[in-house]
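Below: the structure, in structure tokens.
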Amino acid sequence: MTTSDVALSVKNLKTFFYTNNRCNKAVNGVSFEIRRGKTLCVVGESGSGKSVTAASIMQLLPTLSRIEDGEIIYHSERGDIRIDTLPRNGSRMRSIRGSEISMIFQDPMTALNPVFTVGFQIIENLYYHTAMRGRQLKDKAIDLLRAMGIPLPERRVDQFPHQYSGGMRQRAMIAMAMACNPKILIADEPTTALDVTIQAQIFDLMSTLRREHGTAILLITHDMGVVAELADDVAVMYMGNIVEAGTVEDVLRHPTHPYTRALLDSIPVLGRGRNQSVRAIPGATPDPLNRPVGCQFADRCTHRIDRCDRMPEETQMTATHRVMCWRHEELANAPR
Amino acid sequence: MLTYIVRRLLIIVPMAIGISFLVYLALDLSPGDAVSRMLSPERTVDPAKLAELRKALGLDAPLLVRFWIWFSGVLQGNFGRTLTGGVPISRILMERLPATLELSVIALVLSSIFGAILGTISALRRRGTTTDNVLTVAGMIGVSIPEFFFGLVAIVVFALNLQWLPVGGRLLPSYTSYWDHIPNLVMPALVLSIMMTAGVMRYARSAMLDALSREFIKTARSKGLPEWRVNLLHGFRVALTPVIVLIGFRLPILIGGSVIVEQVFQWPGLGSLFVMAVRNKDLPVVMTIALLTVILVLVVSLIVDILTAIIDPRVRLGN
């Protein structure tokens, strides 16, 4: 993989939260790359640090958190930009946000401002990142809504978010994010708040956009079905670490880390009947303020050995597949 | 929207009648009447003469009849005459109303603007900063100390000690133009606006903090908008709705407050007239002021509803 294929590299990112003088290492040394025009799915349960990773890339972290270490490099057409070194809301960061890297959120109901029309909120983005003015702005907003499959865009553009249905709101949100044709689209669980039937439509729309505009997508999800459907690359996160990463083939066909395996085992499979054993992962995630010293998954792991009291190293198994487990060799050879 | 406004305006009529009647009833239940107030307690007066006087003033009729006589007069635009002195009430209103309106409107405008600005500043400076702490404490002092105290302190400091401003009064005989009484206006207007400024500020602060914690603020930042636009357009606009509702509901308090402030500064407005009328049991005067206040409050709440609907598209009037 050459650098020219990569849109964004994250190296050893550490983002910590500080509350009541205690430190929560929400993202504790995470590295990955988003390839141009490809979809990277980040999976993991709540609190694994997926959303914080996304927020770090956009520098949209809450006040009490900060990027402690590591690098976030955006490989723009004008050269590499170290995002982590830019001031949070400075003009350089702002010129990247919404134009080169944009983001859509979980709940389109709350993510859109209720007192402004959808058109106004799309136009805002265009106004700050393009040379368009006046009538052009509105025409572009209508075009965008039409491209996102919103019927009667000429009328819809002047309506308020509460006049849209849930699925349409997310389409409007995507229209806003895609307004300036960004190189990377970060989607933080974009369909969690939507109906299942709408979910498929939104994902269809996203893959169409990726194909047509070559937009790289960072999709945060906890739905393995979505991963199988959309991902080119997969990163599995657990308690602030990427425990396993690789192409979708690597991770879904040859899952190695016990956590990845457990995640895949916990999905019911259609056709196996009612009595299939869905194995839930035993135990609960550890207290983020009081983490185990070694492997974060050790307490819940069926393959635990003494060595797991130390943090496992990241091991490259193939050119694309890496895993963070002391017993990766045995496990790679052991069938699931 | 128009039908809604018309309907709301029509509701004002029965509300005004009902509330006026309650006020009338309350005054009637309290001991004594206008005649007993006119008398010096030291002298004994012939009861027959008293009865005659009561009859002349129309105080001998039953409660409902008296209320009707007063109310039908009001419907014809005749507010009656004062019991003590026989001056037409409409003439007194013409003298007093501008003074009160001047005070209340200035205080309302000042407190809305300063309250909203200070509250926003307080919210934008994060919790625990000096600015936020100072404003929070000032807000607490502002809402908890009564106006007459501020008024008296202001008189002692600025009128008596520093002699910058006159002690009280409004239009003095020596004044030749309207602008001459501005120094008289400063203290009462500021004192009257203190409590409301503090109230609006505290409310604006929490409304702003609430708005800024919402998800759409993150969306606005993710679009690369400058901070001023994120905070003042996306945040403040959403925080504005509850603040306007609060200001509307505070207006009656402002009128109530002006009763006290007008007393303290000898301001010849409706407030001081009201106090005098209640003392003298001058029923027609009390009733007229009460009726005006009721109508004002109802009209203001209608205006607030219309304003909220204009500012917040989610609010639809009518259903």
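The values are calculated or read from the model by the stated rules, or taken from the named source; none is laboratory data. Remember, it's a predicted structure, so these values are computed and weren't measured experimentally. No Cβ is skipped: glycine too gets one built from the backbone with ideal geometry, and neighbour counts run over all protein chains shown. Only protein heavy atoms, including side chains, enter the accessible area calculation; ligands, DNA and RNA are left aside. Shrake-Rupley method; radii C 1.70, N 1.55, O 1.52, S 1.80 Å.
Using a simple charge model, +1 on the beta-carbon of Lys and Arg, -1 on the beta-carbon of Asp and Glu, nothing else, what dipole does region A:23-83 show about its Cα centre, in debye to the nearest 20?
On the way: 8 positive and 7 negative charges, 33 e Å.
Dipole about the Cα centre, nearest 20: 160 debye.
Please find, in a Gaussian network model of chain A (springs between Cα atoms separated by less than 10 Å), the residue of A:Met168, A:Met237, A:Met176 whose mean-square fluctuation is greatest.
A:Met168
Could you work out the longest stretch of chain B that avoids the chymotrypsin sites (Phe, Trp or Tyr not before Pro) located in DSSP loops with at most 16 other Cβ atoms within 10 Å? Mind showing how you got there, number by number?
Numbers: sites that count: B:Trp164, B:Tyr175.
The answer is B:1-163.
So how strong a dipole does region A:41-163 carry about its Cα centre when Lys and Arg Cβ are +1 and Asp and Glu Cβ are -1, to the nearest 20 debye? Mind dumping the intermediate values first?
On the way: 15 positive and 14 negative charges, 102 e Å.
Dipole magnitude for region A:41-163 comes out near 480 debye.
Give me the distance between the Cα centres of region B:47-61 and region A:215-250, rounded to whole Å.
Spelled out, the Cα-based centre of one part sits 94 Å from the other.
Could you pull out every one of the lysines with an alpha carbon less than 17 Å from that of A:Lys38, ignoring same-chain neighbours closer than 8 positions?
By straight Cα distance, A:Lys38 reaches A:Lys183.
Provide the descending list of Cα extents for chain A along its principal axes, expressed in whole angstroms.
Rounded to whole Å, the extents work out to 67, 50, 43 Å.
Among B:Met276, B:Phe148, B:Tyr175, which residue has its Cα positioned farthest towards the positive end of the charge dipole of region B:89-279, with +1 placed on the Cβ of Lys and Arg, -1 on the Cβ of Asp and Glu, and the dipole taken about the Cα centre?
Looking along the dipole axis, the top candidate is B:Phe148.
Of A:Lys50/A:Lys140; A:Lys50/A:Lys138; A:Lys11/A:Lys140; A:Lys25/B:Lys218; A:Lys138/B:Lys223, which sit over 25 Å apart, Cα to Cα? All intermediate terms of the calculation are to be shown ahead of the outcome.
On the way: A:Lys50/A:Lys140 33 Å; A:Lys50/A:Lys138 35 Å; A:Lys11/A:Lys140 37 Å; A:Lys25/B:Lys218 22 Å; A:Lys138/B:Lys223 17 Å.
Exceeds cut-off: A:Lys50/A:Lys140; A:Lys50/A:Lys138; A:Lys11/A:Lys140.
Kindly sort B:Leu103, B:Leu135, A:Leu64 by accessible area of their heavy atoms, largest first, with the probe set to 1.4 Å. Could the numbers behind the result be given before it?
Details: B:Leu103 0, B:Leu135 25, A:Leu64 110 Å².
Highest to lowest solvent-accessible surface, that is A:Leu64, B:Leu135, B:Leu103.
Enter the accessible area of A:Lys50 (Å², nearest 10), with the probe set to 1.4 Å and all protein chains included.
10 Å²
Evaluate region A:109-188: find the radius of gyration of its Cα atoms, find its Kirkwood radius, and give the ratio Rg to Rh. Let's see the in-between values first.
On the way: Rg = 11.5 Å, Rh = 12.4 Å.
Rg/Rh for region A:109-188 comes to 0.93.
Can you work out the base-10 log of I(q)/I(0) for region A:152-200 at q = 0.25, 0.30 1/Å, using the Debye formula on its C-alpha atoms alone?
Summing over Cα pairs of region A:152-200 leads to -1.05, -1.18.
Work out the charge dipole of the protein assembly as shown with +1 on the Cβ of Lys and Arg and -1 on the Cβ of Asp and Glu about the Cα centre, then indicate which of A:Asn290, B:Met15, B:Ala159 is farthest towards its positive end.
Selected residue: B:Met15.
Each residue of region A:212-228 in turn: what ³J(HN,Hα) in whole Hz from Karplus with 6.51, -1.76, 1.60 and θ = phi - 60°, glycine and Pro shown as x?
Residue by residue, region A:212-228 yields 6, 10, x, 7, 6, 10, 9, 10, 9, 7, 10, 9, 5, x, 4, 4, 4 Hz.
Helix-only estimate, please: 222 nm mean residue ellipticity of chain B, summing -39500 (n - 2.57) across DSSP H runs of length 4 or more and dividing by its residues, to the nearest 500. The partial results should precede the final answer.
Numbers: 12 runs with 223 residues, N = 319.
Helix-only estimate at 222 nm: -24000 deg cm²/dmol.
Which residues' amide hydrogens lie under 5 Å from the amide hydrogen of A:Ser76, considering only partners 5 or more residues apart or on another chain, with H built in the peptide plane?
A:Ile81
Positive end of the charge dipole of chain B (Lys, Arg +1 and Asp, Glu -1 on Cβ, about the Cα centre): tell me which of B:Phe265, B:Gly73, B:Thr241 has its Cα farthest that way.
Among B:Phe265, B:Gly73, B:Thr241, the one farthest towards the positive end of the dipole of chain B is B:Thr241.
If r is the Cβ-Cβ distance from A:Asp143 to B:Asp210 and R0 is 35 Å, what FRET efficiency results, to the nearest 0.05?
Values: r = 35 Å, r/R0 = 1.01.
That pair, A:Asp143 with B:Asp210, gives E of 0.50.
Assign unit charges at the C-beta atoms only (+1 for Lys and Arg, -1 for Asp and Glu), then state the dipole size of region B:89-279 relative to its Cα centre in Debye, rounded to the nearest 20. Can you show the working numbers first?
Working: 16 positive and 9 negative charges, 154 e Å.
With only Lys, Arg, Asp and Glu charged at Cβ, the dipole is about 740 debye.
Carbon-plus-sulfur fraction of the accessible area of the protein assembly as shown, 1.4 Å probe, in percent? The partial results should precede the final answer.
Numbers: 19080 of 32160 Å².
Reported share for carbon and sulfur atoms: 59 percent.
Any idea of the total accessible area buried by the A-B contact, 1.4 Å probe, rounded to 100 Å²? Walk me through the numbers on the way to the answer.
Numbers: alone 16460 and 18030 Å², together 32160 Å².
Approximately 2300 Å² gets buried when A meets B.
Only Cα pairs within less than 10 Å get springs; with that Gaussian network setup on chain A, which residue of A:Glu244, A:Glu229, A:Glu45 has the largest fluctuation?
A:Glu229
If one computes P(r) from the Cα atoms of the protein assembly as shown, what percent of pairs lie at distances over 35 Å?
Details: 125572 of 214185 pairs.
Roughly 59 percent, rounded to a whole number.
Using a 1.4 angstrom probe on protein heavy atoms only, which residues from region B:204-225 are buried by at least 10 Å² of accessible area when all chains are present rather than their own chain alone?
In region B:204-225, residues shielded by partner chains: B:Glu215, B:Phe216, B:Lys218, B:Thr219, B:Arg221, B:Ser222, B:Lys223, B:Gly224, B:Leu225.
What are the semi-axes of the equivalent ellipsoid for region B:115-219, taken as the square roots of 5 times the Cα gyration tensor eigenvalues, largest first, in whole Å? Each step should come with its number before you reach the end.
Details: eigenvalues 270, 47, 21 Å².
One finds semi-axes of 37, 15, 10 Å for region B:115-219.
GNM, chain B, Cα, under 10 Å: largest mean-square fluctuation among B:Ala48, B:Ala207, B:Ala26?
B:Ala48
Within 10 Å, count the other beta carbons around each residue, average over each peptide in A:4-10, A:183-189, and list them highest first.
Numbers: A:4-10: 18.1, A:183-189: 23.6.
Top of the packing list down: A:183-189, A:4-10.
Work out, in µm²/s and without decimals, the Stokes-Einstein translational diffusion coefficient of region A:167-272 at 20 °C, 1.002 mPa s, Rh from Kirkwood over C-alpha pairs. All intermediate terms of the calculation are to be shown ahead of the outcome.
Working: Rh = 15.0 Å.
Diffusion coefficient, whole number: 143 µm²/s.
Taking K and R as +1 and D and E as -1, what net charge do the other residues with C-beta under 15 Å from the C-beta of B:Thr120 add up to?
On the way: positive: B:Arg125, B:Arg126, B:Arg127, B:Arg202, B:Arg205, B:Arg229, B:Arg237; negative: B:Asp132, B:Asp210, B:Glu227.
Every neighbour counted, the sum reads +4.
Using heavy-atom solvent-accessible surface (probe 1.4 Å) with all chains present, what is the largest-first order of B:Glu95, A:Glu100?
Numbers: B:Glu95 115, A:Glu100 40 Å².
So the residues, ranked largest to smallest area, are B:Glu95, A:Glu100.
In peptide A:114-122, how many Cβ atoms from other protein chains are near each Cβ within 10 Å, on average?
Numbers: counts 8, 12, 7, 1, 0, 0, 1, 5, 1.
Mean inter-chain Cβ contacts per residue within 10 Å come to 4.
At a Cα cut-off below 18 Å, give the lysines reachable from B:Lys281, other chains included and same-chain residues fewer than 8 away excluded.
Excluding near neighbours in sequence, the set is B:Lys55.
Note down the Stokes-Einstein diffusion coefficient of chain B in µm²/s, whole number, using a Kirkwood radius over alpha carbon pairs, 37 °C, and 0.692 mPa s. Walk me through the intermediate numbers first.
On the way: Rh = 22.7 Å.
Answer from the Stokes-Einstein relation: 145 µm²/s.
What percentages make up the Cα-Cα pair-distance distribution of region B:89-279 when the bins are 5 Å wide from 0?
1, 8, 14, 16, 16, 13, 10, 8, 6, 4, 3, 1, 0
Rolling a 1.4 angstrom probe over the protein heavy atoms, how many square angstrom per residue are accessible across chain B?
That works out to 53 Å² per residue.
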